[in-house]
Amino acid sequence: PSTRIAGFKLPDPTGPVGIAILFLASCLGGAVLNLTPCVLPIIPIKIITLTKHAGTQSRAMILGIWMALGVVAFWTVLGLPMAFISRQIDASQIIFGIWWLTLSIGLVIVLLGIGIMGLFEFNLPASVTSITPKADSPTGSFMFGIMTAILGLPCFGFMAGGLLAAAATMPTLAIMAVFFGLGVGMGVPYLILSARPQLLKFVPKTGPASTLVKQV
């Protein structure tokens, strides 16, 4: 059913318009993830590496498409467990129907919020960060995109953790629209930059501003 806020009628989140709004908002959120301090510094490195392997502009664009698809695949796979859970059980009744479970989830989300504000952080194992797929083929570029998304987890892993709890209460299609949209939003800039590497000069430098983006 639709909802009213301040007199405005919001679209049904399970309908086509609601799903489209969720997808577009998630695309915007995914694009913003590229501005976090974990991802922003590696963008030029990834694009230069990809274009160097490509050799020509047309091939760079093809490899850029595959890299973007890798990013999208990472986020889509991340959403599948929540889509499965929401389809099998009424998670909203469980989460909001048992007080101690609701409280536990709330405390976890508070902890995630404190972490993303900088009180503590987690780092990926060296065995993960040392994986550098060669972006000289469609398959390699696809894996290149997956690893690019994984390397950003120390910054937005907290956000993804909080999102999983909320997503469990959403319809399956809405969940997949959110996670697919996050992947599209995060992956499209790599496609654009691989096709036009000269645009790298407009990519902002990492610093306090990117940390603020992560915290917000």
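Remarks
- Note that the range 112-121 has calculated 3J(HN,Hα) couplings of 4, x, 5, x, 6, 7, x, 5, 8, 8 Hz, one per residue in order, obtained from phi through the Karplus relation 6.51 cos²θ - 1.76 cosθ + 1.60 (θ = phi - 60°); glycine and proline are x.
- In order along the range 150-155, the Karplus-derived 3J(HN,Hα) couplings, from 6.51 cos²θ - 1.76 cosθ + 1.60 at θ = phi - 60°, round to 5, 5, x, 4, x, 8 Hz, and Gly and Pro are given as x.
- Radius 14 Å from Cβ of residue 54, net charge of other residues (Lys, Arg +1; Asp, Glu -1): +4
- Packing, as the average of other Cβ atoms within 10 Å across residues, places the peptides 184-192, 99-107 in the order 184-192, 99-107, highest first.
- Listed peptides 38-51, 200-213 by packing density, highest first (mean Cβ within 10 Å): 38-51, 200-213
All of the numbers you see were taken from the coordinates with simple rules; none came from a lab. None of the values given here were measured: they were computed from a predicted structure. Neighbour counts are summed over all protein chains in view; Cβ atoms, including those assigned to glycine, are modelled from backbone coordinates with ideal geometry.
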